[in-house]
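None of the figures in this text is laboratory data; all of them are computed from the coordinates on show. All figures in this text were calculated on a predicted structure; none of them were measured in a lab. All Cβ positions, even for glycine, are placed from backbone atoms using ideal geometry, and neighbour counts span all protein chains on display.
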Amino acid sequence: MVSPPVLAEGAEHRPVYHHVFEDAWHDGMSVAVLPIPRDQPRALAAAQAWREPDIQSLLLGRDPPAALDLQGFVDPSVHLALAEAAAIPGALAELEYEATERWFQDDNVIGRIAGGRHPEQAVVVIAAWDAGGLAPPLSEGGGSTPAGGLAVLLALARNSGRWEAAGRRPGRSLVFVAEAGGSLGHRGIARFVEASGIRPENIVAVINLESLGGDDASLAIVDGARSSLGLQVGQADATARMVDDEGHRYGHAPFLDRGIPAVTLTRPVTATDDGQEAALSIATLRADAQLVFGLLWTLADQAETPRLLQSEPAPKPSQGVDE
């Protein structure tokens, strides 16, 4: 058990909590709990958000430490009782809790077709193969998240392999990543960025595929306005629309953060009146796959590379003061 952290004025609560739990792990604790600070709205919101799997994995960035089998927040009265017990040598406290998530082993599946002219350069296409093991299974098997993006990724890899076998080689390398842990903050993407061995300056474009094959009439290009890559997708599909979504960390975000032109393409299904999702359309999946396949090979063969775009005028450099 650890005491509530002292928060500096303006400090972000989640990183502070993260460091508290990390310190507890390094100290060899087996349990680390904090009281929920009900009198501090921002801290309370951060504490409640910490219970969500996305928050935990984004902060931890790795498997849970073996020495810390429970971490989180408890009611202030429970925390007080634990603090009193901790002050009495030999005192025992019994704690019961229900696990609402589980950690799992996951691996990326990566394929590559070497480029003929610039094999060191790469066009990367990504889709999540695993929803994180948290979604309830369907009665007929499988997860509850439609795998339209993964279906398109597999079709791209298969058809690209056929082209290569027929003697058609891309100018740049094509890299296909079926990433793991999609619903856990795209942990697989972070691992790929760290361990792929591809230098960031050699990744010319990243296309993340998410929830394709839906019944939406237009293809959404998330963060398409931030690079010429979005404009290129728009030219390939006149119905496509640009979308900026700051509230969701799509799989392209880690690349965009590193200055690499990257977008997510998504055509989700809409919910029916009873709250169920409509089935994916095979015809739409085929059309989405054809669109991305043409885009992928164009990016691999064209002379120019996508570039980042300024969303707003850059600030003027400050004038120095003459001494």
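Brief remarks follow.
- J(HN,Hα) series, region 8-18, from Karplus relation 6.51 cos²θ - 1.76 cosθ + 1.60, nearest Hz, glycine and proline x: 6, 4, x, 6, 7, 6, 4, x, 5, 4, 4
- Packing-based ranking, highest mean first, of 291-298, 156-163 given that Cβ atoms within 10 Å are counted: 291-298, 156-163
- Taking amide hydrogens as placed 1.01 Å from N in the peptide plane, the amide H of residue 264 sits under 5 Å from those of 208, 222, each at least 5 positions away in sequence or on another chain.
- The phi-based Karplus calculation (6.51 cos²θ - 1.76 cosθ + 1.60; θ = phi - 60°) puts the 3J(HN,Hα) values of region 294-308 at x, 5, 4, 6, 4, 4, 6, 9, 5, 5, 7, 10, x, 10, 6 Hz, whole numbers, x for Gly and Pro.
- Amide hydrogen neighbours beyond the local backbone of residue 74, cut-off 5 Å, H modeled: 34, 36
- Approximate spin-label separation residue 16-residue 257, in nm, with each point projected 7 Å along Cα-to-Cβ: 2.2
- Sorting 39-48, 198-207 by their mean Cβ neighbour count within 10 Å, with the most densely packed peptide first, gives 198-207, 39-48.
- Cβ-Cβ distance of residue 23 and residue 236, R₀ of 56 Å, FRET efficiency by 1/(1 + (r/R0)^6): the value works out to about 0.65.
- The label point for residue 96 and the one for residue 244, both projected 7 Å from the Cα toward the Cβ, are 5.1 nm apart.
- Taking amide H as placed 1.01 Å from N in the peptide plane, the amide H of residue 212 sits under 5 Å from that of 148, 149, 267, each at least 5 places away or on another chain.
- Estimated at 0.36 nm per residue, the fully extended path between residue 87 and residue 118 surpasses their Cα-Cα distance by 4.6 nm.
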